[in-house]
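The values are calculated or read from the model by the stated rules, or taken from the named source; none is laboratory data. Worth saying up front: this structure is predicted, and the values here are computed from it rather than measured. Here Cβ is always computed from backbone atoms with ideal geometry, including for glycine, and neighbour counts include all displayed protein chains.
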Amino acid sequence: MDPEAAPQRLQTIERHILDQQERFPEATGRLTSLLYDIALSAKLIARETTRAGLANILGATTGINVHGEIQQKLDVYADEVIFRMNDHTRRVCVMASEEHDELRRIPDHHQPGYYVLIYDPLDGSSNIDVNASIGTIFAIHRKITPGNGHGTEADVLQPGTALVAAGYVVYGSSTMLVYSTGAGVHGFTLDTSVGEFLLSHPDIRIPSPGKYYSINHGYEREWTPGIRTYVRWCQAQNEPDMQPLAQRYIGSLVADFHRNLLRGGVFLYPGSAANPTGKLRLTYEVQPLAYIAAQAGGYASDGLTDILDLQPKSLHQCVPFFVGNRDLVEQLEQTLAEHDRDALARYRTVRDAV
Ligand code: AHM
Ligand code: MG
């Protein structure tokens, strides 16, 4: 074999996480190992998602999850893989998942650790049967309650500013893991022939100007005047000198977010008059993606407040979610402030109710 054909510089995710850890001389390696276990879970999930049809694993179980949605078999599989990968390592004190109403306790015969792991095991799972991209989202906090015991709700319900790390995996035309520990955003592509995530997108910055706006147009009749005005602005309806943004919406949050992160743009999942908090969940969908966006130079808001500053009230709490290039999201906040004063006040009341 020609030695010239060897790759110039290969960095595995393990090596990269270890290098990041060296920034913290006091680090014990527990976070590094936890991230590595998440990467390993992602490989197992990717193995199943890529052969979903072949393995006859497609289709729904008879289970209904806490949100009343039919669980897909792969949801259940992904949920269990992540839990079992982390329930005995002494690194995690409690877990929480989209698929479970309550916190997931570390089994009594294992010792709880120092970190809190919150995850959406397989987001966008209604896309599985049509072979569109789906994703896993994860968020990691430190335990803040005293003692070495099990984590509690207080450990799970922390603001995004307290995140230690967050990321996502997108199972698409290839499998990519994107994560941050607060020193930029780094993306890795799974090389299935060697079974390793290799650094493919170092130090991702959201490009400017943004290219896309992403919203479900099917709900247009539910939109507030502010959202209508903003979408018309994205389309440059009244701005002859502005280049319109192109519209893209898969309906799979990780995939929509990932595309906009790499190409620039804004993703919107607003509330409606009937449902002012929208659909997306703060702790395991919105906070981690807001953290990644901020680390890549972007910004995320619920229309009123920086997402990272919100104090979650409950595990499955929903908030409106607007994320992308900072200028695009700030423009949205401004438009909502001008056009949606009453709707914002109603939303604020719901959001801030204890
Ligand atoms: P899920 O957690 O049940 O998979 O639902 C979340 C998904 C997101 O991936 C996506 O952004 C959103 O639902 C799409 O919702 P809608 O079909 O209402 O536009
Ligand atoms: Mg989800």
Handout entry: Residue within the range 283-296 that is within 14 Å of ligand 1 (Cβ to nearest atom), modelled with pLDDT under 95 and not assigned by TED's automatic domain parsing to the domain that holds residue 137 present
Key = no
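One line per residue, one yes/no per condition, for (1) under 15 Å from the mean Cα position of the chain (by Cα); (2) outside any strand (DSSP E or B); (3) of a type in the set (Gly, Ala, Ser):
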| site | (1), (2), (3) |
| --- | --- |
| 257 | yes, yes, no |
| 286 | yes, yes, no |
| 316 | yes, yes, no |
| 322 | yes, no, no |
| 330 | no, yes, no |
| 334 | no, yes, no |
Exercise for the section: Out of the residues in the range 291-336 that are crowded, with 17+ Cβ neighbours inside 10 Å and among the hydroxyl-bearing types (Ser, Thr, Tyr), state the one that is nearest to residue 224 (Cα to Cα). Expected result: 335
Practice task
For the range 253-282, enumerate the residues that are more than 19 Å from residue 232 (Cβ to Cβ), within 11 Å of ligand 1 (Cβ to nearest atom) and modelled with pLDDT under 95.
Solution key: 275
Problem - Residue list for the range 291-302, restricted to those being in a helix (DSSP H, G or I) and either among the hydroxyl-bearing types (Ser, Thr, Tyr) or within 15 Å of ligand 2 (Cβ to nearest atom) (or both) - result: 291
Fill in the blank from the handout: Of (1) without any contact (Cβ under 8 Å) to a residue 12 or more places away in the chain; (2) of a type in the set (Gly, Ala, Ser); (3) surrounded by 24 or more Cβ atoms within 10 Å (Cβ to Cβ), residue 236 fails just (3)
Completion exercise
All-but-one check, residue 242 against (1) modelled with pLDDT under 95; (2) more than 14 Å from ligand 1 (Cβ to nearest atom); (3) within 28 Å of residue 36 (Cα to Cα), failing number (3)
Handout entry: Count of the range 285-305 residues which are among the charged types (D, E, K, R) and free of Cβ contacts under 8 Å to residues at least 12 places away in the same chain
Key = 0
Handout entry: Unmet criterion (only one of (1) under 15 Å from residue 316 (Cα atoms); (2) modelled with pLDDT of 85 or more; (3) assigned to a loop (DSSP other than H, G, I, E, B)) for residue 67
Key = (2)
Practice task
Please verify whether the range 120-130 includes one or more residues that are farther than 17 Å from residue 48 by Cβ and modelled with pLDDT of 95 or more.
Solution key: no
Handout entry: So residue 118, is it more than 23 Å from residue 317 (Cβ to Cβ), under 20 Å from the mean Cα position of the chain (by Cα) and either crowded, with 23+ Cβ neighbours inside 10 Å or not hydrophobic (A, V, I, L, M, F, W, C) (or both)
Key = no
Practice task
Determine whether residue 106 is among the β-branched types (Val, Ile, Thr) and either within 16 Å of ligand 1 (Cβ to nearest atom) or farther than 22 Å from residue 314 by Cβ (or both).
Solution key: no
Problem - Lone unmet requirement of (1) more than 16 Å from ligand 1 (Cβ to nearest atom); (2) in a helix (DSSP H, G or I); (3) within 22 Å of residue 352 (Cβ to Cβ); (4) touching a strand residue (DSSP E or B) at 6+ places or on another chain (Cβ under 8 Å) for residue 226 - result: (4)
Fill in the blank from the handout: Note on the range 134-157: residues in a strand (DSSP E or B) and in contact (Cβ under 8 Å) with a residue 40 or more places away in the chain are 134, 135, 136, 137, 138, 139, 140
